[in-house]
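**Student:** If you scroll down you'll find the structure; I have some questions about it.
All of the numbers you see were taken from the coordinates with simple rules; none came from a lab. None of these values were measured; they are calculated from a predicted model. When we count neighbours, we look across all protein chains shown, and the Cβ atoms used for this are built from the backbone with ideal geometry, even at glycine.
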Amino acid sequence: MRNEKAIGLFIVAAGIIILLGKFGVFGFIGRNFWPLLILLPGIALHALYYARISPSWSLVPAGILTVYGVLFSITNTWGAGLMSRLWPAFLLGIAIGLLEYGMAERRRPEYVLPAALILGAVSIILFGFTLLQTGIIYVLAVLLILGGVWLLLGRGRQGRGW
């Protein structure tokens with residue numbers, strides 16, 4: 001009798017799963033919530049470190065996964081076209097992971113913090129270029145003009161003694 005109930009329960013569950021699949025529930029969940037498969041392990045690694053269960057080096061993948069999960073959530077919500085402007089976040093994720101590790105490690109690894117800061121700075125500079133995109137030409141042109149005027153009017157006179 002118990003065996004028949006277990007088989008019956010299994011058949012009902014299979015039918016419900018098939019119906020939900022046919023109604024598109026699993027497709028909807030998969031399309032909209034797949035970034036959680038990246039974000040949640042990153043948050044879990046952070047939680048494991050702060051609960052003193054995992055070592056400090058686990059903060060490197062934790063930072064990377066968390067930043068990538070947020071990035072993919074943003075592009076999944078507002079369109080994959082944003083990736084053309086947000087791609088420097090891939091470098092930022094590595095920088096944040098290294099920075100977290102470098103700050104948490106007691107022995108302070110020699111090259112980790114400088115590498116994190118350099119990667120972070122490069123990422124922020126690239127963000128600036130991608131966010132300004134065509135507008136960066138105008139900024140560059142204005143900076144060149146101001147630099148030339150400064151050389152002509154200010155610094156240039158003092159050097160020649162006019």
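**Student:** Please report how far the C-alpha centroid of segment 87-157 lies from that of segment 1-59, rounded to the nearest whole angstrom.
**Tutor:** Their Cα centres are 40 Å away from one another.
**Student:** Quick check for you: which residues of segment 21-51 have the amide N under 14 Å from the point 7 Å beyond the Cα of Asn76 toward its beta carbon?
**Tutor:** Residues 26-43 fall inside that zone.
**Student:** Related question: Which distance in nm do the two modelled labels at Ile11 and Arg85 give, with both placed 7 Å along the Cα-to-Cβ direction?
**Tutor:** Modelled inter-label distance: 5.6 nm.
**Student:** So what's the angle, to the nearest 10 degrees on a 0 to 90 scale, between helix 36-50 and the longest Cα principal axis of the chain?
**Tutor:** Roughly 80 degrees, rounded to the nearest 10.
**Student:** Could you state the angle between the C-alpha long axis of helix 89-104 and the longest principal axis of the C-alpha atoms of the chain, as a value from 0 to 90 degrees rounded to the nearest 10?
**Tutor:** So the helix axis and the longest Cα principal axis differ by about 90 degrees.
**Student:** Okay, next question. Round to the nearest 10 and give me the degree value, 0 to 90, for the angle of helix 112-132's Cα axis relative to the longest principal axis of the chain.
**Tutor:** Around 80 degrees separate the two axes.
**Student:** Can you tell me the relative contact order of the chain? Whole percent, Cα pairs under 8 Å, sequence separation 6 or more.
**Tutor:** 16
**Student:** Report the calculated FRET efficiency for Ile18 and Arg107 (r = Cβ-Cβ distance, R0 = 41 Å), to the nearest 0.05.
**Tutor:** E(calc), rounded to 0.05, equals 0.15.
**Student:** Turning to a different aspect of this structure: I'd like the Karplus ³J(HN,Hα) series for segment 13-30: coefficients 6.51, -1.76, 1.60, θ = phi - 60°, whole numbers in Hz, and an x wherever there's a Gly or Pro.
**Tutor:** Whole-Hz 3J(HN,Hα) from phi for segment 13-30: 4, 5, x, 5, 5, 5, 4, 4, x, 5, 7, x, 5, 6, x, 4, 4, x.
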